[in-house]
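First comes the structure, then the notes that go with it.
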Amino acid sequence: MRIVVLTGAGISAESGVPTFRGSDGLWEGHRVEDVATPEGYERDPDAVLAFYDARRRAVASTHPNPAHRALARLEGAIGDRLLVVTQNVDDLHERAGTRNLVHMHGELRRARCLACDARPDWDDDLRDRPRCPRCGERMLRPDVVWFGEMPYGLDRIEQAVVACDVFVSIGTSGEVYPAAGYVALAAAFGARTVELNLEPSDPAVPLDDVRAGRAGELVPAWVEEVLARR
Ligand code: OAD
């Protein structure tokens, strides 16, 4: 059985990482066009670098929760028949042990050099304009995908989505494309579709199984069901 899991900010909420939308979400306190677009970066790079430095520091003091760990357990059991596609820029999936993972919106712990396009691992602040380890220029930006930019790994993701038997969406509002379109693509290719979210989202297609609640509870329970059915 091939499974694709799409995760969003909701899976990391119980680890203390803020989501984007909703009353205390990141987009309530910041304008998307200021901190998550190439134009915002051109206008005020210091503010944008400081924003991501703060997010990188905040995530460093969080820990994976039972939902991240359950997905790692599932990969331990079925190997690369599970692909986790995350929209999250935190590293909680990999810290829980997931390896077959695509960070379609990039990673806070990676930088990208605007001079030579290197994408080095990065744990420190970027606002002091450190040198690129490859070319030495001081033009590193966070390796996160901003609005108007191309997400990572789209070919690999689409191949897995059309070939999967089960598609599971966890902790995402389904507001941002192309991620929001994967559930309809999976359904069109015959996959069973499942949503595990705090509140039911408003998907473009009816889903087979919608469960409302906290990821930290729903995901371990769903993984146990899958493992029991094997
Ligand atoms: P959102 O903030 O849009 O949605 C988070 C979803 O998680 C909502 O549907 C919540 O109901 C749900 N949720 C919250 N707490 C939860 C919990 N404990 N358990 C389960 N679900 C919970 O975040 P995303 O859908 O990830 O992109 O947002 C998608 C993209 O929009 C992000 O990757 C980011 C953002 O703009 C870029 O920056 C390119």
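The values are calculated or read from the model by the stated rules, or taken from the named source; none is laboratory data. Owing to the predicted nature of the structure, the values given are computational and were not obtained by experimental measurement. Neighbour counts run over all protein chains shown; Cβ positions are idealised from the backbone, glycine included.
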Could you grab me the full set of residues in the range 22-60 that are touching a helix residue (DSSP H, G or I) at 6+ places or on another chain (Cβ under 6 Å) and within 10 Å of the ligand (Cβ to nearest atom)? VAL35
For the range 3-46, which residues satisfy the criterion of being more than 20 Å from the chain's Cα centre (by Cα) and modelled with pLDDT of 95 or more? GLU39, GLY40, TYR41, GLU42, ARG43, ASP44, PRO45, ASP46
Somewhere in the range 11-21, is a residue touching a strand residue (DSSP E or B) at 6+ places or on another chain (Cβ under 6 Å), within 13 Å of the ligand (Cβ to nearest atom) and assigned by TED's automatic domain parsing to the domain that holds ARG99? yes
Of the conditions (1) at pLDDT below 95; (2) farther than 30 Å from ARG43 by Cα, ILE78 satisfies every one except a single condition; which number is it? (1)
Would you check which residues across the range 98-150 are without any contact (Cβ under 8 Å) to a residue 24 or more places away in the chain, within 17 Å of ALA179 (Cβ to Cβ) and outside any strand (DSSP E or B) and list them? MET150
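Restricting to the range 221-230, name every residue that is under 20 Å from ALA9 (Cα atoms) and buried (at least 17 other Cβ atoms within 10 Å of the Cβ).
TRP222, VAL223
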Over the range 1-10, the set of residues of a type in the set (A, V, I, L, M, F, W, C) and within 11 Å of the ligand (Cβ to nearest atom) is LEU6, ALA9
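Any idea which of GLY174, GLY216 is near the ligand (Cβ under 8 Å from one of its atoms), within 14 Å of ILE11 (Cα to Cα), assigned to a helix (DSSP H, G or I) and not aromatic (Phe, Trp, Tyr)?
GLY216
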For residues that are within 12 Å of the ligand (Cβ to nearest atom) and either out of contact with any His (no Cβ under 8 Å at 6 or more places or on another chain) or not hydrophobic (A, V, I, L, M, F, W, C) (or both), tally how many sit in the range 144-167. 7
Looking across the range 177-196 at residues that are part of a strand (DSSP E or B) and buried (at least 19 other Cβ atoms within 10 Å of the Cβ), the single one that is nearest to the ligand (Cβ to nearest atom) is LEU196
Is one or more of the residues making up the range 34-50 touching a residue at least 24 places away in the same chain (Cβ under 8 Å) and not in a helix (DSSP H, G or I)? yes
Among (1) loosely packed, with under 13 Cβ neighbours inside 10 Å; (2) away from the ligand (no atom under 14 Å from the Cβ) - the single one GLU199 does not satisfy: (2)
